[in-house]
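The values are calculated or read from the model by the stated rules, or taken from the named source; none is laboratory data. This is a predicted model, so every value here is computed, not measured. Every residue, glycine as well, gets a Cβ built from its backbone with ideal geometry; the counts of neighbours run over all protein chains shown.
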């Protein structure tokens, strides 16, 4: 479901997102030795790489620290990975101040109440399909895919296609075809 966004998709420069429940299905695996495991969707990973290839920035804002999140951010060369932030809006505002970007040039993907202030603040606020109702009620867009099941990729494709940036990125994957 899409409402009229508060911003032009071509202006979005930063895609920020929660981790647990957005990049994962929200399950945290605690092993017998106390170490933690998470499952990340490869569709989302390629989507993030394509977003970065388009010259755009990515931020993870997680309410809890996880070594798995840190490693995934490193693998995907995420620009900003902030963990242990229970109040995400002040963290995002500080990040925007440091980068010189505005809220209108930012999209955010969330699933739970901690994400609500950020979703309201940014130019394009997104809730994943399995988000709580309060988050869905304020989102500009609700994904058809659940968190951890390609929802981030869905958002990335939606923004890049609407902004007219998708075709150029697809040339890497279809060099001999004549895509229209």
Among the residues of region 51-58, are any buried (at least 17 other Cβ atoms within 10 Å of the Cβ) and touching a residue at least 60 places away in the same chain (Cβ under 8 Å)? yes
Any residue at all in region 3-24 that is touching a helix residue (DSSP H, G or I) at 6+ places or on another chain (Cβ under 6 Å), modelled with pLDDT under 95, buried (at least 17 other Cβ atoms within 10 Å of the Cβ) and closer than 23 Å to residue 164 by Cβ? yes
Would you call residue 102 modelled with pLDDT under 95, surrounded by fewer than 17 Cβ atoms within 10 Å (Cβ to Cβ) and touching a helix residue (DSSP H, G or I) at 6+ places or on another chain (Cβ under 8 Å)? no
Give just the number: which of (1) buried (at least 18 other Cβ atoms within 10 Å of the Cβ); (2) touching a strand residue (DSSP E or B) at 6+ places or on another chain (Cβ under 8 Å); (3) at pLDDT 95 or above; (4) over 17 Å from residue 14 (Cα atoms) does residue 148 not satisfy? (2)
Using the structure shown, decide if residue 129 is outside any helix (DSSP H, G or I), crowded, with 19+ Cβ neighbours inside 10 Å and touching a strand residue (DSSP E or B) at 6+ places or on another chain (Cβ under 8 Å). no
